[in-house]
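This report refers to the structure that appears directly beneath it.
The values are calculated or read from the model by the stated rules, or taken from the named source; none is laboratory data. Worth saying up front: this structure is predicted, and the values here are computed from it rather than measured. Glycine also receives a Cβ, built like all others from the backbone with ideal geometry; neighbour counts cover every protein chain displayed. These area figures cover heavy atoms from the full protein model, side chains too; ligands, DNA and RNA do not enter into them. Shrake-Rupley method; radii C 1.70, N 1.55, O 1.52, S 1.80 Å.
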Amino acid sequence: GIVYIREGTYKGAIFLSPSVSNKWIAYPGEKPVLDLNLSAMTPQSDYGYIDGLEIINARRYAFSFEYPSNNWMFRRNHMHHLYDDSEGENPSFIFFWTSDDPNVSAHKKMIIQDNVFHDLFDRGSGINRDNSANFHGGASVMFSVSKMLFEDNRISKIDGAGVKDKANGRFNTFRGNFIIENKQNDYNYGLVIGFIDIDNKKSIKINVMLII
């Protein structure tokens, strides 16, 4: 079923087991806030739909796709203030884990569209007194993703790339995104395609993007 979320602030993560609804939509005209309180959510099903939510205070990931998943859509969300305390991981608001087989796509037919992502702190967050950012972040970091549409998103103030299609991407399209003020060390850093395992990528399309 579909869950319509009314305006207000909801604190804590939601356990996204296969028995729990994975379709959350902001009630028309209202702006609900999900405060993850330094936690993350792990989807375990297909055909998810997240629309119109403000999601704040994630730890390392907001959505961590550890299990093979298909047909998820993220639209018109505002995700910001993610804090990472790991060393060498890839903090991300929407993270897709790699497949054990580099020839198999673990995640298929994803749409990330019309979202705003900003203020991702890769170890520079001060958690556990750690202020040494290593700039591994991205609004979305993707391993083993195929047939994704990443479109019309606004990305800023990320410790790392705006978005990373890191390994085994196939037939993904990046179109109409606005990527600004992200940092890789002392340099602005926007889009990474083929950052790792470039030979495994097929038919990645990039159209009409502004990267500053």
- Residue among SER39, SER86 that alone is part of a strand (DSSP E or B), over 22 Å from ILE111 (Cβ atoms) and modelled with pLDDT under 95: SER39
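Within region 86-95, how many residues turn out to be open to solvent by 50 Å² or more (accessible area, probe 1.4 Å) and under 11 Å from the mean Cα position of the chain (by Cα)?
Residues of region 86-95 that are open to solvent by 50 Å² or more (accessible area, probe 1.4 Å), as a first pass: 87, 89.
Next, from what is left, pick out any that are under 11 Å from the mean Cα position of the chain (by Cα): none.
Of the residues in region 86-95, 0 are open to solvent by 50 Å² or more (accessible area, probe 1.4 Å) and under 11 Å from the mean Cα position of the chain (by Cα).
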- From the residues in region 42-70 that are of a type in the set (S, T, N, Q) and open to solvent by less than 50 Å² (accessible area, probe 1.4 Å), which one is nearest to LYS108 (Cα to Cα)? ASN70
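Would you mention how many residues in region 15-36 are part of a loop (DSSP other than H, G, I, E, B) and crowded, with 17+ Cβ neighbours inside 10 Å?
Restricting attention to region 15-36, the residues satisfying the condition of being part of a loop (DSSP other than H, G, I, E, B) are 15-22, 27-32.
Okay, now just the ones that are also crowded, with 17+ Cβ neighbours inside 10 Å, so 16, 22, 32.
Total meeting the criteria: 3.
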- Item | Tally, over region 71-85, of residues that are in contact with a strand residue (DSSP E or B) (Cβ under 7 Å, 6 or more places away or on another chain) and open to solvent by less than 10 Å² (accessible area, probe 1.4 Å) | 5
- Can you tell me which residue within region 136-171, out of those that are outside any strand (DSSP E or B) and open to solvent by 10 Å² or more (accessible area, probe 1.4 Å), is nearest to ASN77 (Cα to Cα)? ASP152
- Task: Consider PHE63 carefully, then state whether it is in contact with a Pro (Cβ under 7 Å, 6 or more places away or on another chain) and assigned to a strand (DSSP E or B).
- Result: yes
